[in-house]
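**Student:** Sending over a structure as structure tokens; questions will come in a sec.
Taken together, the values in this text are just the output of simple stated rules run on the coordinates, not laboratory data. In this text, all values refer to a predicted model and were calculated from it rather than measured experimentally. Heads up, the Cβs are rebuilt from the backbone with ideal geometry, glycines too, and the neighbour counts pull from every protein chain shown.
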Amino acid sequence: MNQKFNQRFKETENHIKSQLLLLLAEKPVEKISVREICERAHINRSSFYLHFQDIYALLEQIERDFSKELYEMILLQMEEHIDDRSLIQSFFVFFREHAAFYRAMLAGHLSITFFKEAQHSELARRINVLRGLEKQSLYQGNDYHMIYFVGGLQNLLKVWIEKGCRESPETMAEVIYTEYHRSGTKENPSSNEPTDHSTQKRT
């Protein structure tokens, strides 16, 4: 009985999330009411508040779901040794597909947890490999580079989304790839040409 109840509870929660995402494609979050979500989801207000404190709590839960999905997607691509340009491109494709949602997050000044988690993860190591910094003692055990990189990427993504994702994911991937290879080469002058590390074996 409990298992059946838990399944129904989860289904209702997912249905509430999907209705908010549909509404975000039609209007900004500040014009969406709990009543409207409930009408779309065919539930009463008490059911909504059983799951979420308010609409912004609902947004934050969806964001955590999306961040987990994005993180797992990127790690899988890394395990499959996808080339770096394609890896970065898939990142922008993901955000473009969910642009209405992330525009609402940014409008509400809500944080995107993916960026915070990325600073202390396998993804952080891959970014240093991309820039040829993984063996430089300056960066060993030092988070300053990742703070710099993630902060820049987050702001670039914010502007891109606010402008309606006018540039293609391919263009955005090329901007990131070129700039960070160029920067990594300056800091590692012994390398005359940037190297795509995605094909190297991991040790």
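**Student:** Assuming R0 = 30 Å, can you tell me the calculated FRET efficiency for the pair residue 50 and residue 73, based on Cβ-Cβ distance, to the nearest 0.05?
**Tutor:** E(calc), rounded to 0.05, equals 0.45.
**Student:** Sort 109, 81, 98 so that the residue with the fewest other Cβ atoms within 10 Å of its own Cβ comes first and the one with the most comes last.
**Tutor:** With the sparsest Cβ surroundings first, the list reads 109, 81, 98.
**Student:** Output the pairs from 10/68; 116/158; 10/116; 27/163; 17/68 with a Cα-Cα distance over 19 Å in this structure; if there are none, say none.
**Tutor:** 10/116
**Student:** Rounded to whole Å and ordered largest first, report the semi-axes of the equivalent ellipsoid of region 2-97 derived from its Cα gyration tensor (root of 5λ).
**Tutor:** On the way: eigenvalues 195, 62, 17 Å².
Values for region 2-97, descending: 31, 18, 9 Å.
**Student:** Kindly put 67, 46, 168 in sequence by how many other C-beta atoms sit within 10 Å of each C-beta, fewest to most.
**Tutor:** Final ranking by Cβ density, sparse to dense: 46, 168, 67.
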